[in-house]
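First up is the structure itself, then whatever we jot down about it.
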Amino acid sequence: MKTFMLALFAVLVTSYSAMAQYTIDQFEISGVSIRNSNYNGDAAVEITMPSSSYQDPLREKLTDRNFMAWLPLDFGDGTIEVELASDLAPDAPEYARGFIGLAFRIDAQGRFENIYLRPLNSTSSDQIRRNHTIQYAAYPDFRFDTLRAQFPEKYETYADIEIGRWIHLRLVVNGVSAKLYLNHSNRPAFVVNDMKLPADQRGGVGIWIESGTVGHFRNFRVISNK
């Protein structure tokens, strides 16, 4: 079932037998703008951040932040599905990679887990960059730079994706494990067996971007197991 109708961002949320629909007006906003849009002929939602919020590598260390639009759900274990695509903003910094993904279990203190893509890395001629196409992080204590330094290559991997094209994500969350499936594959492209927040962490679910990204989203569905 398509969950975008009449250019509204309709999200199907299933908890036992209950179902509810949401529009973009019901999203909480953290540093981004959100609007209904059309992307390559398809009804979608677009999120952007102001260029004043781009990180400056000459003044600060590049790291993950909390730029996202999110629904204040009570999600713990379950499945999140979405189709997403990213483009570079006209003023995107040199290090921009089309950062785009999902944040989940967003709690009242602003902590959350995060799995996101760097689509430009997938087609790089540098194999190390290619290996950094998919990323897991946990905000605020286990961002990508911390995980990469402490556990090289464990929380990121390669995937065959492209910038500027729809990518289907299905994320299955259970306790401290997460499996990410891409483009309707039956095999996970990425597995995390020891997410850094507690197994009973619960909270909202969001769509996330970083510096220089224009993010597009459609067909967003959240199914909660409990």
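What ranking do 111-124, 37-50 get when scored by the average of other Cβ atoms within 10 Å per residue, highest first?
In decreasing order of mean packing, 111-124, 37-50 become 111-124, 37-50.
Averaging 1/r over every pair of different alpha carbons in the range 59-122 and inverting the result gives a Kirkwood radius of 13.8 Å. Placing pseudo-labels 7 Å out from each Cα toward the beta carbon at Thr23 and Gln150 gives an inter-label distance of 4.3 nm. Here the Karplus relation 6.51 cos²θ - 1.76 cosθ + 1.60, evaluated at θ = phi - 60°, turns the backbone of the range 27-36 into coupling constants of 7, 7, 10, 10, x, 10, 10, 10, 8, 6 Hz, with x for every Gly and Pro. Here's the list of aspartates and glutamates a cross-link from Lys154 could span, going by alpha-carbon distance under 19 Å and ignoring same-chain residues fewer than 8 apart: Asp64, Glu113, Asp126, Asp141, Asp145, Asp194. Let me know the shape class of the range 137-204, please: from the alpha-carbon gyration tensor, a ≥ b ≥ c as square roots of the eigenvalues, rounded when a/c is under 1.5, otherwise prolate if a/b is greater than b/c, or oblate. Note, shape of the range 137-204 comes out oblate.
What full-extension length gain, to one decimal in nm, is calculated for Ala199 and Ser185 as 0.36 nm per residue of separation minus the Cα-Cα distance?
Difference between extended and current length: 2.4 nm.
Each residue of the range 209-214 was assigned a 3J(HN,Hα) from its phi angle through the Karplus curve 6.51 cos²θ - 1.76 cosθ + 1.60 (θ = phi - 60°); the sequence is 9, 9, 3, x, 9, 9 Hz, with glycine and proline shown as x. Mind running the shape call on the range 79-166? Use the C-alpha gyration tensor, a ≥ b ≥ c as the square roots of the eigenvalues: rounded below 1.5 for a/c, prolate if a/b tops b/c, oblate otherwise. In terms of gyration-tensor shape, oblate.
Would the range 170-226 count as rounded, prolate or oblate if I go by the C-alpha gyration tensor, calling it rounded below 1.5 in a/c and otherwise prolate when a/b exceeds b/c, oblate otherwise? Note, shape of the range 170-226 comes out prolate. Kindly provide the GluC sites (Glu not before Pro) of the range 130-165 that DSSP labels as loop, not H, G, I, E or B, and whose Cβ sees at most 15 other Cβ atoms within 10 Å. Passing both the DSSP loop test and the Cβ count: Glu153, Glu162.
Read the figures in this text as sums done on the coordinates, not as results from a lab. For clarity, every value in this text was computed on a predicted model and none was experimentally measured. Neighbour counts are summed over all protein chains in view; Cβ atoms, including those assigned to glycine, are modelled from backbone coordinates with ideal geometry.
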